[in-house]
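The values are calculated or read from the model by the stated rules, or taken from the named source; none is laboratory data. Everything numeric here is computed off the predicted structure, so don't read it as measured data. For neighbour counting, all protein chains shown are included, and Cβ atoms are generated from backbone atoms with ideal geometry for every residue, glycine included.
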Amino acid sequence: MCPKAMAGTSTAIAAIAIATTTVPRRCLALLARIGRLVGGRGPSESLQKELSAAGWAGPEAASVYLGAKMLLLLVGAAGMAGGVLWFDASKSVALPLSFSTGMALFFVPNLIVRHRRRQRQAEVCRHLPDAIDLLEICVLAGMGLDSAWNAVSDEMRRISPLLADEMALTNLEIHLGASRATAQRHMAERTGAEEIGSLSAVLAQSEKFGTSIADALTAVARSMREHRSQQAEEAAERMAVKLLVPMILFILPAMLTVVVGPAALTIAAHMGGD
């Protein structure tokens, strides 16, 4: 390939890359502008905490969220109204259909945020016992709790970048002057993991009464694993109850057809022959 063709190809690729990064930014800016118009005085604190727990803690996250809800409401209502009127349906049918479609799309961001929050919470709870075990090992090796926290956050980055980022942010809050209990409580609020709150309480009591931090970490990790195993057992028990409905609706009729069908055909043949 000639140099001019190569230069043209690289220019086209660069233009495509710029377009693919510019368009989402413009869309987000548009949603943020709509959200600021809708939000009025600003988003509530509960909404900001919910978005932070889902991983969206930026200053424009709440505005983008509100803008997306309003845009989906308008697009859904207008699209359904236009589609119904296109088929010459009456206005009495178009109005409730457009309203229901707009409201259904209006709650789509709520479902996305809830799903994202549950995913983050599940990932943190899954890897947190391993992080506490590493903390225990570092403390037993003679490291301080803050140094051990830093080391564990670096090691956990290979396994769970989410947990590593949250631990690094907690460490940054401690360096900025917040107490360890306050920083860990903020981490529990961001991730939605109640285990982090219990870890913070145990560490605070251990420092207050002068007990061994390594023993406290061991007890916390053991209780977390026991709680996780109990949750797995409860899920297995609930699964047996949930399987009753598909078994009654789908499996039981098939079994009755296979077992009773030949006998029913034989009885019907004998009765017909008589």
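Is it the case that ARG180 is touching a Ser or Thr at 6+ places or on another chain (Cβ under 7 Å) and either surrounded by 15 or more Cβ atoms within 10 Å (Cβ to Cβ) or more than 21 Å from GLY55 (Cα to Cα) (or both)?
No; evaluated as a whole, the condition is false for this residue.
Could you check, for region 205-212, whether at least one of its residues is of a type in the set (Phe, Trp, Tyr), surrounded by 12 or more Cβ atoms within 10 Å (Cβ to Cβ) and not assigned by TED's automatic domain parsing to the domain that holds ALA54?
No, because not a single residue in region 205-212 is of a type in the set (Phe, Trp, Tyr), surrounded by 12 or more Cβ atoms within 10 Å (Cβ to Cβ) and not assigned by TED's automatic domain parsing to the domain that holds ALA54.
Mind counting the residues in region 75-85 that are under 21 Å from LEU111 (Cβ atoms) and surrounded by fewer than 14 Cβ atoms within 10 Å (Cβ to Cβ)?
1
Of LEU162, LEU169, which residue is touching a His at 6+ places or on another chain (Cβ under 9 Å), touching a residue at least 24 places away in the same chain (Cβ under 8 Å) and either assigned to a helix (DSSP H, G or I) or on the phi < 0 side of the Ramachandran plot (or both)?
From the options LEU162, LEU169, the qualifying one is LEU162.
Quick check: is even one residue across region 235-249 out of contact with any His (no Cβ under 7 Å at 6 or more places or on another chain), assigned to a loop (DSSP other than H, G, I, E, B) and farther than 30 Å from LEU128 by Cα?
Yes.
Kindly indicate whether GLY197 is without any contact (Cβ under 8 Å) to a residue 60 or more places away in the chain and out of contact with any helix residue (DSSP H, G or I) (no Cβ under 7 Å at 6 or more places or on another chain).
No; evaluated as a whole, the condition is false for this residue.
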